[in-house]
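The values are calculated or read from the model by the stated rules, or taken from the named source; none is laboratory data. Keep in mind that this is a model prediction, so the values were computed, not measured. In this analysis, Cβ positions are derived from the backbone assuming ideal geometry, glycine residues included, and neighbour counts consider all displayed protein chains. All accessible areas refer to the heavy atoms of the entire protein, side chains included, with ligands and DNA or RNA removed. Shrake-Rupley method; radii C 1.70, N 1.55, O 1.52, S 1.80 Å.
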Amino acid sequence: MGQYYQPEIECASREQIKAWQDERLVKQVHHVYEHVPYYKKLMDEKGVKPEDIRSTEDLHKLPFLTKADLRDAYPYGLLAVPLEDCVRIQSTSGTTGRRVVAFYTQHDIDLWEDCCARAIVAAGGSNKDVVHVSYGYGLFTGGPGLNGGSHKVGSLTLPMSSGNTERQIQFMCDLESTILCCTPSYAAYLAETIWEKGLQDKIKLKAGIFGAEAWTQEMRHDIEEKLGIKAYDIYGLTEISGPGVSFECCEQTGMHINEDHFIAEVIDPVTGEVLPDGEKGELVFTSITKQAFPLLRYRTRDICVLSHEKCACGRTHVKMSKPMGRSDDMLIIKGVNVFPSQIETVLLNKGYPANYQIIVTRVNNSDNLEVQVEMTSEMFSDTVSQVSRREKELVDALKAMLGIYAKVTLVAPKTITRSEGKAVRVIDKRNLY
Ligand code: DLL
């Protein structure tokens, strides 16, 4: 294993991890209280003093931070060090509302890249690998994070960024890339193009590190099969640093959270009550080692489950399940909760490619759900009656999964726009009426 497999940290005893977290949390709370007036006010309003936080058992006493707070405090309101100490800014994509910006000192960049390096090593990476980074570079954290992690591992790093699919594939073949890092939807697009060009025997990939958006196990199997690789999940968010907050090991049974840097909780999204292992709820992070932008009890809106079960890989850090998507990705259609990932599972199980679009409209005060699904080129030669039989079969399968009717429209291959970054699967037109 490479230098960035850090067993003394990643396989430390639970007692040791707790001791680190207790000590770092106490220090961090003082740091934030003294340097971030915005959070001091929240603590004062709750009647909590830094001295009240003596260990992780007291974490629940601290107020939550939400995305709304980050927008309120934009741009500098949550900065905990002088601006002169910061060396980098990254930002979320800001599809809704104001962008959120995060600041980093050199120490923060180092710890973030360490986390990404751990993820690359967990996926089998070493200084013998060619790491092909097709996440976007720039304000998005995907490219810079994996790029830095790959340098730390000592791998040969290809900073491709996203887009220009032809060139991506040419470099992949010519330079014999072994580890691909990009969003799962872009990996699926790359795989599709590689097959169309008949280049599957020319690529030398062995692993992929895919994240930044929700993806199903079915999509994982599909990409693994098409690219002949093992596909590893990686999770993170700009507010907490970027990719590498957690990552999958070879067991692929959840993502280990880097607990020497982040304390994870799962809460009931309505009451805010902390939930035990195994119960589904909203993931909350407390950053205990970051200097510039240390968020305490940040509500991610990602829904998942934590598990402290022993992992066969030897790592002892808690695992989080694949997030089902953000709580705000969840659609409420006719009063029923629908996650795009449920629809993806049905489509891939029935042999359709992961090229689909979910369209929600409101007609006469009633919600309508439509799923447009691309046919494979083999299906495209079907007769009209075969197509309508297929549509009916999908309507039934979706009804069984979601409990509601969804109109299904099969569309011609290549109709749905491919994604080079985070895919936009849902078009919700209800707010337009
Ligand atoms: O997406 C950071 C990242 C880059 C993660 C590359 C992994 C790989 P943001 O743009 O701030 O940061 O978006 C963060 O994306 O709260 C989740 O809702 C979602 N997300 C990230 N990773 C996963 C994943 C980056 N593996 C938001 N599975 C998070 C599901 C994910 N959702």
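General observations
- Among the residues of the range 332-348, those that are open to solvent by less than 40 Å² (accessible area, probe 1.4 Å) and within 15 Å of the ligand (Cβ to nearest atom) comprise PHE339, PRO340, SER341, GLU344, THR345.
- Screening LYS280 with (1) among the basic types (Lys, Arg); (2) in contact with a Cys (Cβ under 8 Å, 6 or more places away or on another chain); (3) within 12 Å of the ligand (Cβ to nearest atom) gives one miss only, at (3).
- Note on the range 186-241: residues that are among the basic types (Lys, Arg), within 16 Å of the ligand (Cβ to nearest atom) and surrounded by fewer than 20 Cβ atoms within 10 Å (Cβ to Cβ) total 1.
- Note on the range 27-51: residues that are in a helix (DSSP H, G or I), open to solvent by less than 40 Å² (accessible area, probe 1.4 Å) and farther than 16 Å from LEU78 by Cβ total 1.
- Residue check for GLU282: assigned to a loop (DSSP other than H, G, I, E, B) and either over 13 Å from the mean Cα position of the chain (by Cα) or free of Cβ contacts under 8 Å to residues at least 24 places away in the same chain (or both): no
- Exclusive hit being touching a Lys or Arg at 6+ places or on another chain (Cβ under 9 Å), at pLDDT 95 or above and on the phi < 0 side of the Ramachandran plot, set VAL32, VAL36, VAL100, VAL87: VAL32
- Which listed residue is among the charged types (D, E, K, R), assigned to a loop (DSSP other than H, G, I, E, B) and either at pLDDT 95 or above or at positive phi (or both), from GLU213, GLU166, GLU176: GLU176
- Only one of the numbered conditions (1) open to solvent by 40 Å² or more (accessible area, probe 1.4 Å); (2) of a type outside the set (A, V, I, L, M); (3) over 27 Å from GLN217 (Cα atoms); (4) within 16 Å of the ligand (Cβ to nearest atom) is violated by PHE293, and that is (1).
- Hits in the range 128-159 (condition: within 14 Å of the ligand (Cβ to nearest atom) and in a loop (DSSP other than H, G, I, E, B)): SER134, TYR135, GLY136, TYR137, GLY138, LEU139, PHE140, THR141
- Residue match in the range 117-129 (condition: β-branched (Val, Ile, Thr), touching a strand residue (DSSP E or B) at 6+ places or on another chain (Cβ under 9 Å) and open to solvent by 10 Å² or more (accessible area, probe 1.4 Å)): no
- For VAL121: the one exception among (1) more than 13 Å from the ligand (Cβ to nearest atom); (2) closer than 18 Å to LEU227 by Cβ: (2)
- Members of the range 1-21 found to be part of a helix (DSSP H, G or I) and open to solvent by 30 Å² or more (accessible area, probe 1.4 Å), listed by number: PRO7, GLU8, ILE9, ARG14, GLU15, GLN16, LYS18, ALA19, TRP20
- Of all residues in the range 355-394 being part of a helix (DSSP H, G or I) and of a type in the set (S, T, N, Q), the one that is most open to solvent (accessible area, probe 1.4 Å): SER381
- Residue match in the range 152-168 (condition: hydrophobic (A, V, I, L, M, F, W, C), open to solvent by 10 Å² or more (accessible area, probe 1.4 Å) and in contact with a Gly (Cβ under 7 Å, 6 or more places away or on another chain)): yes
- Of all residues in the range 168-197, those that are within 21 Å of CYS116 (Cβ to Cβ) have Cβ atoms under 6 Å from Cβ atoms of residues that are charged (D, E, K, R) and open to solvent by less than 30 Å² (accessible area, probe 1.4 Å), 6 or more apart or on another chain, in THR178/ASP129; ILE179/ASP129.
- The range 254-277 residues that are closer than 19 Å to SER241 by Cβ and at pLDDT below 95, paired with ones that are in a loop (DSSP other than H, G, I, E, B) and within 16 Å of the ligand (Cβ to nearest atom) (beta carbon under 9 Å, 6 or more apart): none
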